[in-house]
């Protein structure tokens with residue numbers, strides 16, 4: 001198949017450091033190429049890929065100090081996609097809904113993966129305007145706020161099988177927190193869990209500008225107050241295997257409807273169990289007693305630390321290989337591609353794919 005992957009431009013594919021969506025787009029693109037598909041990647045110019053790269057900015061926009069607004073760059077990219085749309089059997093978007101106003105001509109062979117939360121009050125009326133454009137969720141929980149749209153399927157994220165090596169026996173004895181410092185990720189909970197469990201905690205996380213105040217006023221004082229807590233900062237892809245593999249467990253104490261949580265399967269790839277709050281996708285990803293524990297309180301989380309020796313790190317790794325590889329992710333997406341009306345029927349665009357039923361659907365969904 002001739003497949004276009006359209007990525008956000010804020011980060012490269014794959015990102016140099018933090019960047020979940022672009023990382024998944026990269027893993028999917030490379031696996032589709034490996035499986036024999038002809039793939040074109042619309043992304044930043046510093047992306048690394050075996051697909052045909054269409055550079056839509058010189059580098060990741062986050063790294064360019066001259067970029068103040070990413071929207072013009074994405075609109076320019078979409079014009080390039082529009083001009084070349086007839087070259088592809090399938091167009092796969094990863095940029096939320098920016099492409100919707102221009103998608104009518106190829107809507108029957110288009111799919112959009114939603115990478116973020118969907119419970120915002122502004123999204124319901126928007127998607128009611130375009131109820132028939134096919135969407136892919138990254139967990140079943142993610143789609144709950146928008147039950148009336150055209151869900152083509154749920155595809156869990158996947159990693160290249162050999163990206164992160166399995167660690168049978170950790171060299172150290174600490175709990176890990178990996179991701180970014182933000183209120184919804186709850187690093188404060190991670191610190192409290194480690195304190196209650198009497199174990200060291202290592203925090204490897206990005207501090208964005210929007211969360212600088214939260215770090216300065218809440219988290220930094222907590223780190224300073226506990227000798228068992230170490231802040232490492234943002235780490236790159238090469239450092240993840242050692243950081244996660246040598247941890248007794250990953251703490252994922254999120255306080256929001258996490259759409260997926262890529263770091264959970266990164267830990268599992270290393271054989272490291274996950275202790276996670278029962279929010280969002282967590283109950284779909286973590287299998288209690290097999291790959292970690294799903295908890296609802298600090299007390300439960302601290303108790304789970306005491307039960308980590310009951311979990312086989314080998315089984316954690318085997319479960320990752322069964323459920324969360326890039327090979328499985330790509331095959332799931334190809335199945336969805338083949339079910340799209342314009343691919344399956346090789347027919348003219350169907351009228352019901354072209355929107356225009358928004359008011360009726362919104363009324364029905366209320």
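The values are calculated or read from the model by the stated rules, or taken from the named source; none is laboratory data. Values in this document were obtained by computation on a predicted structure and should not be read as measured data. Don't worry about glycine lacking a Cβ; one is built from the backbone with ideal geometry, like all the others, and counts go over all protein chains shown.
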(request) Tell me which of these residue 40 doesn't satisfy, since it passes every other one: (1) free of Cβ contacts under 8 Å to residues at least 40 places away in the same chain; (2) more than 14 Å from residue 329 (Cβ to Cβ). (result) (1)
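Tell me which residues, restricted to segment 34-49, are assigned to a loop (DSSP other than H, G, I, E, B) and within 20 Å of residue 17 (Cα to Cα).
Taking segment 34-49 as the starting set, the residues that turn out to be assigned to a loop (DSSP other than H, G, I, E, B) are 35-37, 44-49.
44, 45, 46, 47, 48, 49, listed by residue number.
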(request) Would you confirm whether any residue within segment 66-87 is in contact with a helix residue (DSSP H, G or I) (Cβ under 9 Å, 6 or more places away or on another chain), at pLDDT below 95 and crowded, with 16+ Cβ neighbours inside 10 Å? (result) yes
(request) Please go through segment 272-283 and pick out each residue that is crowded, with 19+ Cβ neighbours inside 10 Å, without any contact (Cβ under 8 Å) to a residue 60 or more places away in the chain and in contact with a strand residue (DSSP E or B) (Cβ under 8 Å, 6 or more places away or on another chain). (result) 273, 274, 276, 282
(request) Go through 218, 203 for me and flag whichever is touching a helix residue (DSSP H, G or I) at 6+ places or on another chain (Cβ under 7 Å) and assigned to a helix (DSSP H, G or I). (result) 218
(message) Take residue 120 and tell me if it is at positive phi and at pLDDT below 95.
(response) no
(request) Only residues that are touching a strand residue (DSSP E or B) at 6+ places or on another chain (Cβ under 8 Å), surrounded by fewer than 21 Cβ atoms within 10 Å (Cβ to Cβ) and in a loop (DSSP other than H, G, I, E, B): list them for segment 147-165, please. (result) 150, 160, 161
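Given the options 210, 301, 267, name the one that is surrounded by fewer than 22 Cβ atoms within 10 Å (Cβ to Cβ) and assigned to a helix (DSSP H, G or I). Break it down stepwise before answering.
Values: 301 fails: surrounded by fewer than 22 Cβ atoms within 10 Å (Cβ to Cβ); 267 fails: surrounded by fewer than 22 Cβ atoms within 10 Å (Cβ to Cβ).
Only one candidate passes the filter, namely 210.
Which ones in segment 2-21 are within 19 Å of residue 334 (Cα to Cα) and either in contact with a strand residue (DSSP E or B) (Cβ under 6 Å, 6 or more places away or on another chain) or buried (at least 24 other Cβ atoms within 10 Å of the Cβ) (or both)?
Going through segment 2-21, the residues within 19 Å of residue 334 (Cα to Cα) turn out to be 2-7, 21.
Across segment 2-21, the qualifying residues are 2, 3, 4, 5, 6, 7.
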(request) Take segment 87-110 and flag every residue that is in a helix (DSSP H, G or I) and touching a residue at least 12 places away in the same chain (Cβ under 8 Å). (result) 87, 100, 102, 104, 105, 106, 107, 108, 109
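On the given criteria, is residue 30 assigned by TED's automatic domain parsing to the domain that holds residue 332 and free of Cβ contacts under 8 Å to residues at least 40 places away in the same chain? Outline the logic, then answer.
Working: assigned by TED's automatic domain parsing to the domain that holds residue 332: yes; free of Cβ contacts under 8 Å to residues at least 40 places away in the same chain: no.
Taking the combined requirement at face value, the residue does not satisfy it.
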(request) Go through (1) closer than 19 Å to residue 191 by Cβ; (2) more than 19 Å from the chain's Cα centre (by Cα) and name the single condition residue 289 misses. (result) (1)
(request) Name the single residue, out of those in segment 284-325 being in contact (Cβ under 8 Å) with a residue 60 or more places away in the chain and in contact with a strand residue (DSSP E or B) (Cβ under 6 Å, 6 or more places away or on another chain), that is farthest from residue 256 (Cα to Cα). (result) 308
(message) Exactly one condition in (1) assigned by TED's automatic domain parsing to the domain that holds residue 301; (2) within 23 Å of residue 311 (Cβ to Cβ) is false for residue 205; which is it?
(response) (2)
